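Remarks on the structure that follows.
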Amino acid sequence: MIIDVPEGQEPIGYVWGEMVPGIGVAAAMFSMSVYEHTTLGLREFEAARLRVAQINGCLFCLDWRTERDGVKVEEEFAEAVTRWRTTEAFDERTRLAAEYAERYTLDHHGLDDAFWQRMTAHYSQAEIVELTMSIGSWLAFGRLNRVLGIDAVCVLPGH
């Protein structure tokens, strides 16, 4: 970790909430809104989120599993995300969510007309905007946590 966190302080809360409260609190609210207000299905949501986490290398994000009404994706899901092109575990929407996350994160200039034709065949415009904002949140904040090294010292609730 490259940021000095005072003894007894929780790293993410300190960095995001206390160090830059005018920015960090707003960023945290945006990040939480992605989870609280999503209309996307759990599998497509998690496919995109995990693909960004895999690319970012954020340890906290890789270990996290979104839960809705007591339901999480199956244990093998993260491995399927790494094989999104060939896995039999995904329907077309889930596969596209993982692909979009990867391409948005690594080659956003390469999102061509053929890709958008496939996306608009399976997602509404509102869902595309929501997925885009969600991926942007995960890319920015997961990468921030990884770059500053606070991803390695955070503890998931219940761990």
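Mind listing whichever residues of segment 22-50 are open to solvent by 60 Å² or more (accessible area, probe 1.4 Å) and among the aliphatic types (A, V, I, L, M)? Result: Ile23, Val25, Met29, Met32. Scanning segment 30-43 for residues that are more than 11 Å from the chain's Cα centre (by Cα) and touching a residue at least 60 places away in the same chain (Cβ under 8 Å) yields a total of 4.
For segment 81-104, the candidate set comprises residues that are open to solvent by less than 20 Å² (accessible area, probe 1.4 Å) and β-branched (Val, Ile, Thr); within that set, the residue that is farthest from Phe45 (Cα to Cα) is Thr87. All conditions in (1) out of contact with any Lys or Arg (no Cβ under 8 Å at 6 or more places or on another chain); (2) free of Cβ contacts under 8 Å to residues at least 12 places away in the same chain; (3) surrounded by 11 or more Cβ atoms within 10 Å (Cβ to Cβ) hold for Asp112, with the sole exception of (3). Among the residues of segment 132-153, those identified as closer than 8 Å to Met1 by Cα and part of a helix (DSSP H, G or I) are Leu148, Ile150, Ala152. Identify all residues within segment 1-21 that are open to solvent by 40 Å² or more (accessible area, probe 1.4 Å) and either within 23 Å of Met119 (Cβ to Cβ) or in a loop (DSSP other than H, G, I, E, B) (or both); write none if there are none. Met1, Ile2, Asp4, Pro6, Glu7, Gly8, Gln9, Glu10, Val20 - these are the residues of segment 1-21 that are open to solvent by 40 Å² or more (accessible area, probe 1.4 Å) and either within 23 Å of Met119 (Cβ to Cβ) or in a loop (DSSP other than H, G, I, E, B) (or both).
Going by the structure shown, is Ala78 open to solvent by 30 Å² or more (accessible area, probe 1.4 Å) and in contact with a helix residue (DSSP H, G or I) (Cβ under 7 Å, 6 or more places away or on another chain)? Criteria not met by Ala78.
Within segment 117-159, the residues that satisfy the criterion of being more than 17 Å from the chain's Cα centre (by Cα), at pLDDT 95 or above and exposed (fewer than 13 other Cβ atoms within 10 Å of the Cβ) are Gln117, Thr120, Ala121, Ser124, Gln125, Ala126.
Please work out if Leu40 is part of a loop (DSSP other than H, G, I, E, B) and of a type in the set (A, V, I, L, M, F, W, C).
On the way: part of a loop (DSSP other than H, G, I, E, B): yes; of a type in the set (A, V, I, L, M, F, W, C): yes.
In short, yes.
The values are calculated or read from the model by the stated rules, or taken from the named source; none is laboratory data. Bear in mind the structure is a predicted one, so any value in this text is a computation, not a measurement. All Cβ positions, even for glycine, are placed from backbone atoms using ideal geometry, and neighbour counts span all protein chains on display. Heavy atoms of the whole protein, side chains included, go into the accessibility calculation; ligands, DNA and RNA do not. Shrake-Rupley method; radii C 1.70, N 1.55, O 1.52, S 1.80 Å.
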